[in-house]
Structures are given as structure tokens and as C-alpha cells.
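Novice: Quick one: the structure is below, questions incoming.
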Amino acid sequence: MALGLHLRRQVLAGLLLCLCVVRWAEAGKVLVAPMEGSHWLSMRQAVQELHARGHQAVVLSPEMNIHIKAEDFFTTKTYAIPYTRDQFESIMKGRPDQFFERVHFLTRFWETMATLKNVSLFFARSCEALLYNKDLIRDLNASSFDVVLTDPVYPCGAVLAKYLSIPAVFFLRQIPCDLDVEGTACPNPFSYVPRLLTMNSDHMTFFQRVKNMLCPLGLKYLCLVSLTPYERMASELLQREVSLVEILASGSVWLFRGDFVMDYPRPIMPNMVFIGGINCANRKPLSQFFCVNIFSRGNCIGSNPDSHFSGGITLAV
């Protein structure tokens with residue numbers, strides 16, 4: 001319970017820094033540009049906590065969505081997207097089981113690239129529907145928001161924040177192609193930080209290190225194909241050439257839904273805050289313990305304090 005409260009304080013620390021642009025006694029106005037799917041479920045808790053502290057949140061949502069439903073702790077602004085319901089559900093549901101299949105690394109890599117290309121095209125077209133909605137943009141401009149809270153894995157919200165000239169707080173797990181590292185100007189040593197999809201550990205052989213350097217090249221190609229539309233949209237809106245790194249570099253605070261218990265340690269910058277566990281709800285203590293006999297000696301105490309199991313360690317499951 002104490003750990004959960006500590007993590008929530010870390011999340012709010014970054015958000016409240018940006019809300020300090022107004023007088024401390026006033027509540028802030030937060031524009032939330034979430035990513036559809038499971039990403040919203042984690043962000044929802046942060047939005048709820050902001051509301052509890054007196055801040056006003058407005059959540060942007062496509063008319064067709066899975067998880068972003070109207071609730072009493074935020075206001076919803078919707079926009080139309082150029083997809084039918086069947087197309088939307090087919091793209092969003094996809095094939096989640098493919099990530100658990102035991103296949104060759106290259107097979108997994110190319111299947112993942114094909115899936116991400118389809119999904120990225122969907123999000124790019126949805127982003128166009130948002131950014132080129134003149135009435136909605138005019139309304140957002142007139143609302144005088146203090147901060148944009150967004151998940152930059154698809155940088156539509158980051159482009160919107162840049163266009164509206166509003167400070168951005170990024171709430172994410174990570175961005176492929178190391179764009180989060182480039183956007184924060186953070187050191188990124190290939191020698192000991194395992195890369196996405198390589199399945200390497202932080203203790204690598206020479207050939208694993210070579211693989212660790214080559215894999216990002218394929219992801220760079222994927223990002224070139226899938227994220228270029230956001231550069232084009234940003235350049236058109238700002239009427240100058242803009243790169244994705246420049247867009248992401250404008251982020252004030254980066255809130256990473258990870259920690260160095262689950263992830264391998266790596267260098268970080270002062271505006272990078274790790275909030276692993278924020279999406280884990282607090283539950284009541286288990287009423288029963290199950291014992292697994294691992295060692296040949298020892299005691300295992302179950303739900304009955306007087307009962308002992310020879311040669312075990314207590315595991316809560």
C-alpha cells in the first residue's frame with residue numbers, strides 16, 4: 001500500500017510541475033491526448049487523481065474507441081475518424097497471441113513490423129482527423145490549457161502540444177527506435193542496455209552485442225515509414241520543417257511506466273521519472289498462502305500459523 005502511494009506521488013510530481021505556470025492556489029486545466037487501447041487504462045488513474053486534487057481534465061477521444069468512456073472526473077471532446085466500426089475493431093484487436101509464439105527471432109521481427117505498419121497507418125489517419133479539425137482546434141486554442149498529458153508512442157498529442165504551444169508531459173512505457181532517448185538527449189550505450197525484440201540480457205556475448213547494434217537499424221526503418229506522417233503534419237501546421245526529435249524534445253517531463261526492478265538499468269536525464277507499478281491496483285492481502293517445496297530444509301507457514309511444511313518457501317500466488 002505504501003509503495004503504491006509513493007508511486008502515485010512520483011506521477012503527480014511531474015504533472016504538478018507543469019501546472020505551476022498558474023498561481024499555486026488555482027486549479028490547472030489539463031488537456032489529455034491518450035492513445036487508444038490498454039495505454040489509456042494506466043493514464044486514466046493519473047487523470048482521476050488530478051481531478052481529485054482539483055484540476056480540470058479534458059480528454060480527446062475518437063468517436064469510435066474501446067476503453068475511453070465518459071466518466072465524471074473528466075470532460076470528453078470527440079472527433080470523427082475515417083474508419084468503419086468493423087475496420088476499427090479489426091485493427092485494434094489484431095493478433096495479440098503472436099507476441100507469445102515461440103518462433104525464430106527474424107520471423108517475430110518481420111511479423112511485428114507488418115502489424116505495426118498497419119496500426120501506425122490507422123493512428124496517423126486518426127491524427128489527421130484531429131489536427132485538421134478546425135473547429136475543434138479553435139476550441140482547444142480558446143480554452144487556455146496549462147499542460148498536455150499524452151502518450152508519445154504515436155506522437156499525435158506531442159504534435160498537438162507543439163502546435164498549441166502548451167507544455168507537454170509524456171506518459172509512456174517506451175518508444176521504438178530509441179526516439180525517447182533521442183528526444184531527451186540521453187546516453188544510450190549499446191554495450192549493456194538490451195534493445196527491444198532482441199531477447200538479450202545485460203550480460204551479452206560478442207555476437208549478442210553485434211545483434212544488439214543491428215536490430216535498431218530495422219526499427220529505424222520502421223519508424224521512418226510509420227512516423228514520417230507526423231513530421232509532415234507538424235511541418236504543415238507550424239509552416240516550417242520539423243523533425244520528430246524536435247517535437248519530442250519539447251516534452252517538459254517524461255513519465256516512464258517502468259522501473260529498474262523489471263527493466264535493466266540505463267542512463268537517465270533529470271526530466272525522466274520512472275513510475276513502474278502505477279497501473280497496478282492495490283488489492284486486499286491474500287487470505288491463503290500456497291507453499292512450494294523448493295529446498296530440502298526449512299519451514300513454510302500457510303494460512304494456519306501452527307501448520308508447517310518441511311523444506312519449503314512461502315510464495316503468495
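The values are calculated or read from the model by the stated rules, or taken from the named source; none is laboratory data. Note that the coordinates shown come from a computational prediction; the quantities given were computed from them, not determined experimentally. Note: ideal-geometry Cβ built from the backbone for every residue, glycine included; neighbour counts use all protein chains shown. Note: accessible area is taken over every heavy atom of the protein model, side chains too, but ligands, DNA and RNA are not part of it. Shrake-Rupley method; radii C 1.70, N 1.55, O 1.52, S 1.80 Å.
Novice: Just wondering, is there one or more residues in the range 238-249 that are within 21 Å of PRO152 (Cα to Cα) and modelled with pLDDT under 85?
Specialist: no
Novice: Would you be able to say whether some residue in the range 189-212 is within 25 Å of LEU131 (Cβ to Cβ) and at pLDDT 80 or above?
Specialist: No, the range 189-212 contains no residue that is within 25 Å of LEU131 (Cβ to Cβ) and at pLDDT 80 or above.
Novice: Only one of ALA161, ALA168 is surrounded by 19 or more Cβ atoms within 10 Å (Cβ to Cβ), closer than 30 Å to SER61 by Cα, in contact with a helix residue (DSSP H, G or I) (Cβ under 7 Å, 6 or more places away or on another chain) and touching a residue at least 40 places away in the same chain (Cβ under 8 Å); which?
Specialist: Answer to the selection: ALA168.
Novice: Another question, if that's okay. Quick check, is LEU214 open to solvent by less than 60 Å² (accessible area, probe 1.4 Å), of a type in the set (A, V, I, L, M, F, W, C) and either without any contact (Cβ under 8 Å) to a residue 40 or more places away in the chain or under 23 Å from ASN118 (Cβ atoms) (or both)?
Specialist: no
Novice: Further, regarding this structure: Is it true that LEU217 is on the phi < 0 side of the Ramachandran plot, touching a helix residue (DSSP H, G or I) at 6+ places or on another chain (Cβ under 8 Å), hydrophobic (A, V, I, L, M, F, W, C) and in a helix (DSSP H, G or I)?
Specialist: No.
Novice: State yes or no: is ARG173 surrounded by fewer than 18 Cβ atoms within 10 Å (Cβ to Cβ) and either modelled with pLDDT under 85 or out of contact with any His (no Cβ under 7 Å at 6 or more places or on another chain) (or both)?
Specialist: Details: surrounded by fewer than 18 Cβ atoms within 10 Å (Cβ to Cβ): yes; either modelled with pLDDT under 85 or out of contact with any His (no Cβ under 7 Å at 6 or more places or on another chain) (or both): yes.
The answer is yes for ARG173.
Novice: Being open to solvent by 30 Å² or more (accessible area, probe 1.4 Å) and in a helix (DSSP H, G or I) is the filter; apply it to the range 238-251 and report the residue that is farthest from SER201 (Cα to Cα).
Specialist: As a first pass, look at the range 238-251 and keep what is open to solvent by 30 Å² or more (accessible area, probe 1.4 Å): 238-241, 243, 245-246, 249-250.
Now restrict to residues that are in a helix (DSSP H, G or I): 238, 245-246, 249.
On the way: LEU238: 42, VAL245: 28, GLU246: 31, ALA249: 29 Å.
By that ranking, first place goes to LEU238.
Novice: Inspect the range 286-293 for any residue being at pLDDT 90 or above, surrounded by fewer than 17 Cβ atoms within 10 Å (Cβ to Cβ), among the hydrophobic types (A, V, I, L, M, F, W, C) and assigned to a loop (DSSP other than H, G, I, E, B) and give the result as yes or no.
Specialist: Within the range 286-293, none of the residues are at pLDDT 90 or above, surrounded by fewer than 17 Cβ atoms within 10 Å (Cβ to Cβ), among the hydrophobic types (A, V, I, L, M, F, W, C) and assigned to a loop (DSSP other than H, G, I, E, B).
Novice: Next question, about the same structure. Could you please find all residues in the range 192-211 being open to solvent by 50 Å² or more (accessible area, probe 1.4 Å), of a type in the set (Ser, Thr, Tyr) and closer than 16 Å to VAL181 by Cβ?
Specialist: TYR192
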